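Any read-out appearing in this document is the output of simple, stated calculations on the displayed coordinates, not a laboratory observation. Nothing here was measured: the structure is a model prediction, and the numbers come from that model. We place every Cβ from the backbone using ideal geometry, glycine too, and count neighbours over all the protein chains shown.
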Amino acid sequence: VRPTGELICDLLIDLWSNILSSPVEHCNTQNPYRHDFRNVLKRPNAIGLLVVTYVFLLSGCQSEKIDNSMIVGPADPVSFSQDILPLLASSCSGSGCHIGQTTSGANLSTYSQVTLSQGLQYGRAVVTASDASTSPLVDKIKAQQPQFGSRMPLGRSPLSSADIAMIEAWIDDGAENN
């Protein structure tokens with residue numbers, strides 16, 4: 001099921017495409033498909049659609065609040081020591097977990113333990129540097145039904161999509177000790 005806002009946006013795009021792709025009658029230009037503002041306003045229902053588009057965009061902008069702390073880009077490389085380790089420590093610790101002990105072959109306490117851990121269920125390293133999509137760690141925290149076992153962290157709320165994206169970015173960038 002697609003969100004209503006996405007459906008309305010697609011509808012507006014289709015309507016504008018139809019308006020802009022049809023020629024204007026009684027147009028005084030060499031090219032009837034030329035899109036200057038006067039020609040667009042001569043098209044049927046263009047002014048009404050312009051108002052609806054403006055109101056939709058304005059209401060969408062007011063309801064969306066962006067948390068800039070969730071944005072990680074090229075200027076902000078993910079740091080293992082500052083971003084990943086604190087996240088692992090807060091999410092993967094506790095009784096029978098992966099901080100301070102090895103459980104199911106995975107110990108996520110330090111950089112070397114994370115990169116050297118061999119997941120018993122997967123039979124390979126839990127982190128595949130430069131390839132988050134094949135890393136067992138990502139499978140365990142991202143998939144609703146991981147390839148093996150249960151979604152992690154076990155018995156807790158799943159990590160946020162921003163936290164998962166940060167771990168994926170770190171792995172895709174080579175899983176460096178930075």
³J(HN,Hα) computed for each position of the stretch 107-118 - Karplus, 6.51 cos²θ - 1.76 cosθ + 1.60, integer Hz, glycine/proline x: 10, 10, 7, 9, 4, 5, 5, 5, 6, 9, 4, 10
Expected output is a single nm value to one decimal: the length gained when fully extending between Ser90 and Ala129, i.e. 0.36 nm times separation in residues minus the C-alpha distance. What is it? 11.8 nm
Take each of the peptides 123-132, 165-174, average the number of other beta-carbon atoms within 10 Å over its residues, and list them starting from the highest. 165-174, 123-132
Run the paramagnetic zone check for Glu176: 7 angstrom along Cα to Cβ, then residues of the stretch 119-156 with backbone nitrogen under 18 Å. 128-132
With θ set to phi - 60° and the Karplus curve 6.51 cos²θ - 1.76 cosθ + 1.60, what are the ³J(HN,Hα) couplings of the stretch 138-155 in order, to the nearest whole Hz, using x for Gly and Pro? 5, 4, 5, 9, 9, 6, 4, 10, x, 3, 10, x, 10, 5, 10, x, 5, x
Here the net charge surrounding Ser91, from other residues whose Cβ is less than 14 Å away from its Cβ (Lys, Arg +1; Asp, Glu -1), is +2
Dipole magnitude (debye, nearest 20) for the stretch 104-178, charges at Cβ of Lys, Arg, Asp, Glu: 380
